[in-house]
Amino acid sequence: MDSNTQQKRDELVARLRKANDIASANAVLSWDQSTYMPPAGASARARQMATLEGLAHEAATDPAIGRLLDELQPYADSLPPDDDDAALVRVARRSYERRTKVPAEFAAAFAGHVAETFSLWAQARPANDFRRVQPALEKTLDMSRQYANFFPGYQHIADPLIDSADYGMSAAQIGPLFEDLRRQLSPLVKAIGQAQQVDDSVLHHRYPEAQQAAFGESLVKALGFDFERGRQDKTHHPFMTKFAWGDVRITTRYNETDLGDGLFSSIHETGHALYELGIDRKYEGTPLDTGTSAGVHESQSRLWENIVGRSAGFWEYYYPKLTAAFPEQTAGTDVETFYKAVNRAQPSLIRTDADEVTYNLHVIIRFGLELDLLEGKLAVADLPEAWHARYVESLGVRAPDDRDGVLQDVHWYGGPIGGVFQGYTLGNIMASQFYAAALKAHPEIPGDIRQGKFSTLHTWLRENIYQHGSKYTANELLERVTGGPLALVPYLEYLRKKYGEIYGL
Ligand SMILES: [Zn+2]
């Protein structure tokens with residue numbers, strides 16, 4: 001690289017870091033809003049965050065970035081695709097183009113509309129009053145379509161929305177895959193429903209919050225979360241956020257009569273955090289310094305939460321520790337019963353409470369509704385009934401109201417319609433593929449987990465997935481790591497084997 005190119009590259013990185021700094025400062029405000037901010041801080045905080053969002057947008061769409069990207073393109077083209085600078089220019093251009101294709105006035109109007117819709121939803125949900133939020137949701141649908149049309153040339157109108165969360169994925173790839181998954185899951189759900197049910201009463205004794213927090217923290221640490229580079233705090237809806245290489249935050253919540261709530265949300269967010277903490281420091285503050293897609297991110301949270309944290313081997317090691325911490329609550333429950341309790345499967349109404357088997361059916365329903373809404377096949381006015389009909393069809397349950405129906409998830413009321421749900425199920429599918437690849441490289445991993453040793457798996461994930469940040473797309477990563485594309489087989493095999501054993505199918 002000549003000195004002129006070097007100078008341009010450094011200037012590009014400096015400008016990208018500046019945009020990232022503003023966004024990270026906003027992330028601190030957002031984290032505080034969800035953890036420690038007193039209620040009376042809300043209105044000023046919303047304004048402060050909007051101000052920073054505007055500055056971050058300005059910095060990220062500065063025409064100087066576009067010029068530098070153009071000037072650096074010949075240099076990037078001269079490099080092999082997996083070179084860091086080639087990846088930097090490629091990924092920075094992708095996000096620059098995505099942000100600049102959407103007019104600033106539209107982005108601001110959409111953000112304002114979403115904020116209003118969110119407060120309407122916050123009233124409509126407890127009041128079980130979909131009609132209150134219906135006109136706003138109609139406008140959201142309209143604006144989601146407008147957003148998609150800033151990216152002409154798509155195959156399906158949902159594609160630009162899917163692409164912004166799961167780059168490189170499309171309705172044509174996901175639709176048939178989800179349909180196949182739904183068809184193959186249905187008999188398993190049915191068989192579980194007809195089998196002897198699992199007793200999970202051990203999870204619902206009284207577990208004092210302080211003791212849950214102490215147990216959870218030691219667990220999170222053992223899994224590899226570095227408290228020198230992060231913190232864990234309490235919130236209503238757990239999430240992970242990153243401010244810098246050395247500062248990744250996780251949040252959790254505790255329910256004193258549901259041990260699984262805090263335990264598994266802590267492990268879930270730890271999975272997200274291990275991904276971000278594992279990204280190579282040389283990418284810090286650039287567009288490469290983040291997980292590559294919603295689906296891959298969710299694959300990591302789900303891998304740790306379910307494949308590790310809900311495995312028999314994991315509890316072989318941890319159950320004695322749990323019984324030492326909670327002797328009264330666990331008295332008379334053996335490890336096998338406890339293992340079954342944390343894996344209880346049952347068709348239910350609420351996505352976030354769903355087990356591993358039925359969870360995807362919740363996601364597939366939402367994904368299908370999004371496509372139908374965007375295509376104009378389904379009107380917003382008919383959405384509540386369509387929701388119920390699909391629950392009856394897929395899960396055999398019907399919510400008594402819209403509160404636990406179409407109003408249950410914040411996503412459509414806090415963002416666009418389209419592209420916001422598929423990542424959850426893509427993550428489940430990919431988690432099994434990645435884990436199968438890890439086992440192939442290190443067949444000793446299950447034995448290690450049984451002894452409380454997580455470093456073999458963690459190191460493999462860091463070397464093969466985490467360190468690369470956004471350098472490779474989800475599809476490229478799957479090819480590199482598993483030797484093939486997105487595939488259902490490992491996931492279905494995992495579910496059939498695990499739940500076949502638990503339910504004696
Ligand atoms: Zn997650």
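The values are calculated or read from the model by the stated rules, or taken from the named source; none is laboratory data. This structure is a prediction, so every number in the text was calculated from the model and none was measured. Here the Cβ is made from the backbone with ideal geometry for all residues, glycine too, and neighbour counts use every protein chain on show. Note: areas computed on protein heavy atoms with side chains; ligands, DNA, RNA excluded. Shrake-Rupley method; radii C 1.70, N 1.55, O 1.52, S 1.80 Å.
Select from the range 261-315 the residues that are over 17 Å from Lys221 (Cα atoms), of a type outside the set (S, T, N, Q), within 11 Å of the ligand (Cβ to nearest atom) and assigned to a helix (DSSP H, G or I) and list them in ascending order.
Ala294, Gly295, His297, Glu298, Arg302
Of everything in the range 464-505, what is of a type in the set (A, V, I, L, M, F, W, C) and under 16 Å from Gln433 (Cβ atoms)? Give them in sequence order.
So the first thing to find is which residues in the range 464-505 are of a type in the set (A, V, I, L, M, F, W, C), and the list is 465, 474, 477-478, 481, 486-489, 492, 495, 502, 505.
Ile465, Ala474, Leu477, Leu478, Val481, Leu486, Ala487, Leu488, Val489, Leu492, Leu495, listed by residue number.
When the range 237-260 is examined, which residues are found to be of a type in the set (A, V, I, L, M, F, W, C), away from the ligand (no atom under 15 Å from the Cβ) and buried (at least 20 other Cβ atoms within 10 Å of the Cβ)?
Here is the first cut: in the range 237-260, the residues of a type in the set (A, V, I, L, M, F, W, C) are 239-240, 243-245, 248, 250, 259.
Subsequent filtering for residues that are away from the ligand (no atom under 15 Å from the Cβ) retains 243-245, 259.
Once the filter is applied, which keeps residues that are of a type in the set (A, V, I, L, M, F, W, C), away from the ligand (no atom under 15 Å from the Cβ) and buried (at least 20 other Cβ atoms within 10 Å of the Cβ), the range 237-260 yields only Leu259.
List the pairs whose first member sits in the range 268-280 and is under 11 Å from Asp226 (Cα atoms) and free of Cβ contacts under 8 Å to residues at least 60 places away in the same chain, whose second member is more than 11 Å from the ligand (Cβ to nearest atom) and in a helix (DSSP H, G or I), and whose Cβ atoms are under 9 Å apart, counting only residues at least 6 apart or on separate chains?
From the range 268-280, the pairs are Thr270/Leu219; Thr270/Val220; Thr270/Leu223; Ala273/Val220.
Counting just the residues of the range 74-93 that are assigned to a helix (DSSP H, G or I) and open to solvent by 50 Å² or more (accessible area, probe 1.4 Å), which one comes out nearest to Phe151 (Cα to Cα)?
That would be Arg93.
Only one of Glu463, Glu444 is open to solvent by 20 Å² or more (accessible area, probe 1.4 Å) and without any contact (Cβ under 8 Å) to a residue 12 or more places away in the chain. Can you tell me which? Give the steps one after another, and end with the answer.
Numbers: Glu444 fails: without any contact (Cβ under 8 Å) to a residue 12 or more places away in the chain.
Selected residue: Glu463, the only one of Glu463, Glu444 that is open to solvent by 20 Å² or more (accessible area, probe 1.4 Å) and without any contact (Cβ under 8 Å) to a residue 12 or more places away in the chain.
Tell me, yes or no, whether the range 117-127 has at least one residue that is touching a His at 6+ places or on another chain (Cβ under 9 Å) and open to solvent by less than 30 Å² (accessible area, probe 1.4 Å). Step through it out loud before you land on a result.
If we filter the range 117-127 for residues that are touching a His at 6+ places or on another chain (Cβ under 9 Å), which is where we start, we get none.
Scanning the range 117-127 turns up no residue that is touching a His at 6+ places or on another chain (Cβ under 9 Å) and open to solvent by less than 30 Å² (accessible area, probe 1.4 Å).
Given the criterion part of a helix (DSSP H, G or I), under 19 Å from Ala25 (Cβ atoms), touching a residue at least 40 places away in the same chain (Cβ under 8 Å) and open to solvent by less than 50 Å² (accessible area, probe 1.4 Å), identify the matching residue among Ala64, Ala59. Reasoning before the result, please.
Numbers: Ala64 fails: under 19 Å from Ala25 (Cβ atoms).
One residue alone meets the criteria, Ala59.
Table: residues versus (1) over 25 Å from Ala191 (Cα atoms); (2) in contact with a Pro (Cβ under 8 Å, 6 or more places away or on another chain); (3) among the polar types (S, T, N, Q).
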position	(1), (2), (3)
Ala345	no, no, no
Thr352	no, no, yes
Ile364	no, no, no
Lys377	yes, no, no
Pro384	yes, no, no
Gly396	no, yes, no
Leu407	yes, no, no
Gly414	yes, no, no
